[in-house]
Amino acid sequence: MSPLRSVVLAIVLLASSAGLAAAAMSDAQLVTARVAAMKEDAKILKGAKSLSGDAAVAAATEILKNFTSFPSLFRPNSITPDSRATAKIWQNWGDFTARLDAEKANAQAMLAAARAGDKKAYEAAISALKKPCSDCHLTYARVF
């Protein structure tokens, strides 16, 4: 099995276990977990272009793990006063999850480029990840 395939399989298994853990979480815990994951992604993406080697692989792996687990963190109507999520997410679940799937594909491209040491493709994948995040937030998040 190729190293990339091993990493992707590990992420899928981790996401499956994350999905099981998410099923036992309260709405408040789900909100806390998804906010933390999104903040982590934002922090990683902010400095990711300066990374290379193992650090770039680790960053891409974490982002891919988060995008793989996001659907399980959005249990229907898991909204609290602290949540920026709106009911539009569940009313348009197909669009919402399609956006997450597209971002997951961008994260997979980021990981593949990081593992290959392809700086140009790695930076392109980072750029590809950023705009859809903003678009999704504009569509599905409340502004405080």
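Readers should treat all values here as calculations from the given coordinates under stated rules, not as data from a laboratory. Note that this is a predicted model, so its numbers are computed, not measured. Here the Cβ positions follow ideal geometry from the backbone for every residue, glycine too, while neighbour counts run over all protein chains shown.
Would you work out the relative contact order for the chain, in percent, from Cα pairs under 8 angstrom that are 6 or more residues apart? Don't skip to the answer; put the middle values down first.
Working: 140 pairs, mean separation 41.8, N = 144.
Once normalised by length, the contact order is 29 percent.
Under the classification rounded if a/c is under 1.5, otherwise prolate if a/b is larger than b/c and oblate if not, where does the chain fall, given a ≥ b ≥ c as square roots of the Cα gyration tensor eigenvalues?
Working: a/c = 2.10, a/b = 1.56, b/c = 1.34.
In terms of gyration-tensor shape, prolate.
What number, rounded to the nearest 500 deg cm²/dmol, is the helix-based mean residue ellipticity at 222 nm of the chain, given -39500 (n - 2.57) per DSSP H run of at least four residues and division by all its residues?
Numbers: 6 runs with 113 residues, N = 144.
Result for the chain: -27000 deg cm²/dmol, rounded to the nearest 500.
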| Once phi is turned into ³J(HN,Hα) by the Karplus curve 6.51 cos²θ - 1.76 cosθ + 1.60 with θ = phi - 60°, what whole-Hz value does each residue of segment 104-109 show in order, with x for glycine and proline? | 4, 5, 5, 5, 5, 5
| Hz values of 3J(HN,Hα) by residue in segment 115-128 - Karplus curve (6.51, -1.76, 1.60), Gly and Pro given as x | 5, 7, x, 8, 4, 5, 5, 4, 5, 5, 5, 4, 4, 5
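For LEU45, LEU138, which order do you get if you count the other beta carbons within 10 Å of each Cβ and list the fewest first?
Ordered by Cβ neighbours within 10 Å, fewest first: LEU138, LEU45.
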| task | Using the structure shown, list the pairs from LYS88/LYS120; LYS43/LYS88; LYS43/LYS104 with a Cα-Cα distance above 24 Å, or answer none. | result | LYS88/LYS120; LYS43/LYS88
| In sequence order, what are the phi-derived ³J(HN,Hα) couplings for segment 83-91 according to the Karplus relation 6.51 cos²θ - 1.76 cosθ + 1.60 with θ = phi - 60°, rounded to whole Hz, with x for glycine and proline? | 7, 8, 5, 10, 4, 4, 4, 7, 6
| For ALA85, distant residues with modelled amide H under 5 Å away | ARG142
| Taking the chain as a Gaussian network, where each spring joins two C-alpha atoms under 10 Å apart, which residue of LYS43, LYS119, LYS130 fluctuates the most? | LYS43
